[in-house]
């Protein structure tokens, strides 16, 4: 029987949930190629609520389980995955997610004696097949790696325990397969494994190597570990940025020096002192954050693993300790304690370790209870004494401070990201002038996400505005300032201000925000967003021209239809908030099919501040052939990001489209009342030419009112223009007067005053656009419903 082939699907996800790499196996598994998913939220691939997935992995270094995923063809796949949280030497953290696909069936078990030998061996054992994928693991290995065999089956060692040690062992296993001779790996594969492993080739009756057995050393118990530690021996307890790591540090410091075994169980939400007093007695749900013991060959079932929930009965030591709010000492020979250790899966570690003395210490910090630490000592070691109790309280207090700090940081970061994501555009507006793709990557620093933003705004006359901005600083202040500025830009864009005037008004707004915040908090840094940069561009598909102005922002790049890449020479202008300095706008022709690339400076700074190299990489990425704008974005992100960004990155790529002459009609009208009837005839003829007979009546009414107003209140020349863009029809009437028309409420017997009210009722949108000389009153109607 031909055996099934196994392959591994791998992906990496940054802390903000953005996919940063995608393997060939992942493509085979879900049908998406790398450009289609890299740079996008990983939750888009889930067939379930993404917020639930984030809650599950919060505060953990590793997770395994079944995940519902969506195939590209719409199928739902329930897949077992193993996820590792990794931190590089530079402090950058991400998740490695692996899944063994089409794993082989589990090999048949051997004779009972052989099976007992494998399962009950005091050494951690694992068997890897000819493809170096795990097929068997005994309980010692499961405990040492804190993973069940089912979660590891079908995976190679570097995917089970990422790191240089497993890479070395993987190479040694390959050598054992090829040479048929045992090999050694000297590096430690995990904290619960001794230094070194023996890799033995397993041969069939004919002498052919079929598999490799990895036998790891159990860590020898340090004779010095029996001495009592000092408080200074654990200065790093609780200093980690993540609460799971803080709990793990507590276990590493105290075992074996203070105890032979420790379990750290945390409450999902801290309890305040008032909550403790008012709470009714009852079971308590805890989540295991750390479990550490000294292996000695006795007992192999350790029950609830790290990350799993535990329901503790009201009379159990964890609940009694949390209720009392102070350390409690137990003897495991106590009948109640012995029953709890036998029945409750969350206490299986206590029975398996053979501990006879148990010390329960609450994790307390600033009036809050975060959980409980349970220390155990085995027979042959003196029971816990007063000095042990003092040290245990010192260690748990430091760990509690670290856990609280990590929870506060995670909560603040989650709040900031939620605020920022709510302020960024979730969907781009429907428009036909530009094809647009965007990417947004938040910063990976502890300072939190920043205030970078982008926006796309529909304007009158089929034009589209593109905005990219960068608020100074990180955190809630930056995100809130970004929201204010984005709202202000939308408001100013709606009145069709020229690009340079819009930046001038935005500059005044930043000054006012700085004055308001500075008066309430003189020590506030970058109050109100002073130093914020912004680029504002308006593209007109009729003229195929783009108007741009920038306030201290990096210049936009342009890729011509023939593939040439260059920067647009837009005057830099000062950053927003300096006040009194002018901004200058330029106009440039953009042929149909050109790419306009807007970005924030975090994209260039991702190359370790080597701007020249960053520009070369960006130009090369933009010059590469690409099937879509999403692929262009992926090329740029992949080329410039060597690590998780230290600053937010916003990237917007737009491909220009032209509105051809057969879709635009314009006429100059005489400045006399009889021109109104002539305008209606021109509109009738043009709409019949375009096949829009159903829109004639409505358009006639609007054109009559707009032209009448221009003749009555404006000045010549008077021009009428119709624009037919996909399912939209736009009527524009220009005159050289700068007076803005206003809609008013006419009284019952008034003969006039209802023109603009009629236009507002008939049109989907209408407004006034001021030019350097004169104005244009426009009205837009949708043809989709007609």
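Values in this text are rule-based calculations from the coordinates and carry no lab data. What you see is a predicted model; the values in this text were computed from it and never measured. Cβ atoms come from the backbone with ideal geometry, glycine included; neighbour counts cover every protein chain shown.
So the values come out like this:
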| item | result |
| --- | --- |
| Proxy reagent accessibility, fewest Cβ within 10 Å first, across 647, 170 | 170, 647 |
| Convex hull volume of the stretch 661-782 per residue (C-alpha atoms, cubic angstrom) | 106 Å³ |
| Separation in nanometres of the label points that stand 7 Å from Cα toward Cβ, at residue 587 and residue 689 | 2.4 nm |
| Ranked 128, 688, 384, criterion: other C-beta atoms within 10 Å, fewest first | 688, 384, 128 |
| Rg over Rh [alpha-carbon atoms, Kirkwood Rh] for the stretch 112-216 | 0.94 |
| Model label zone, residue 671; criterion: amide N under 11 Å from point 7 Å along Cα-to-beta-carbon; scope the stretch 702-726 | 711-718 |
| In nm, spacing of pseudo-spin labels at residue 54 and residue 186 (7 Å Cα→C-beta vector) | 4.6 nm |
| Euclidean distance between Cα centres, the stretch 479-501 to the stretch 314-383, Å | 60 Å |
| Relative contact order %, the stretch 576-730, counting alpha carbon pairs below 8 Å whose residues are six or more apart | 24 percent |
| For the stretch 553-581 and the stretch 670-704, distance of Cα centres in Å | 42 Å |
| Sorted by Cβ density within 10 Å, fewest first, the residues 159, 553 | 159, 553 |
| Length gained when the stretch residue 217-residue 782 is fully extended (0.36 nm per residue, less Cα-Cα span) | 196.0 nm |
| Full-extension gain in nm, residue 171 to residue 195, via 0.36 nm per residue minus C-alpha separation | 7.0 nm |
| Peptides 390-401, 570-581 ordered by average Cβ neighbours within 10 Å, highest first | 390-401, 570-581 |
| Mean separation of Cα contacts under 8 Å (6+ apart) over length of the stretch 661-782, as relative contact order % | 24 percent |
